[in-house]
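Read through the structure below, which is laid out as structure tokens, and then see the notes.
The values are calculated or read from the model by the stated rules, or taken from the named source; none is laboratory data. A quick note: this is a predicted structure, and the numbers were derived from the prediction, not measured. Neighbour counts are summed over all protein chains in view; Cβ atoms, including those assigned to glycine, are modelled from backbone coordinates with ideal geometry.
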């Protein structure tokens with residue numbers, strides 16, 4: 001993965017946040033792209049807190065890796081898409097299904113949005 005792809009994605013994600021006034025902590029593994037000066041300068045310029053896993057500590061990202069695994073395995077986001085529009089539509093649909101439709105054992109067979117609404 002090229003650093004330029006990651007910096008472009010980061011810039012787009014920051015620009016398109018639904019709640020831009022809320023604090024953002026950017027957490028990543030120690031991939032070379034995420035450790036690059038170019039990538040970190042974007043986060044610093046945008047005043048975003050930077051969090052990284054400890055070196056060689058694979059279990060710190062377990063929750064994110066679990067969610068990514070579900071999106072890939074259950075919602076087929078590990079496929080090659082014809083174009084960016086198709087990929088973005090598939091990702092948005094998968095995340096919506098994950099949050100709105102898919103019941104989670106760890107949430108007593110509720111969806112994340114059901115739990116969020118109960119706690120709000």
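Considering (1) assigned to a loop (DSSP other than H, G, I, E, B); (2) at pLDDT below 90; (3) under 28 Å from residue 104 (Cβ atoms), the lone condition that residue 76 does not fulfil carries the number (2).
List the helices (runs of 4 or more DSSP H) that sit entirely inside the stretch 1-58 and contain at least 1 residues that are at pLDDT 85 or above and under 15 Å from the mean Cα position of the chain (by Cα).
Of the helices (runs of 4 or more DSSP H) lying wholly inside the stretch 1-58, those with at least 1 residues that are at pLDDT 85 or above and under 15 Å from the mean Cα position of the chain (by Cα) span 3-15, 32-35.
Looking across 23, 48, 2, 15, one residue alone is touching a residue at least 24 places away in the same chain (Cβ under 8 Å) and out of contact with any helix residue (DSSP H, G or I) (no Cβ under 8 Å at 6 or more places or on another chain). It is 23. Whenever a residue of the stretch 80-108 is at negative phi, its partners that are modelled with pLDDT of 90 or more and loosely packed, with under 11 Cβ neighbours inside 10 Å, lying with C-beta atoms within less than 6 angstrom and at least six residues away or across chains, give the pairs 103/109.
Okay, residues lined up against (1) under 23 Å from residue 20 (Cα atoms); (2) exposed (fewer than 11 other Cβ atoms within 10 Å of the Cβ); (3) touching a strand residue (DSSP E or B) at 6+ places or on another chain (Cβ under 6 Å):
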site	(1), (2), (3)
34	yes, no, yes
40	yes, no, no
47	yes, yes, no
54	no, yes, no
73	no, yes, no
78	no, yes, no
82	no, yes, no
97	no, no, no
104	no, no, no
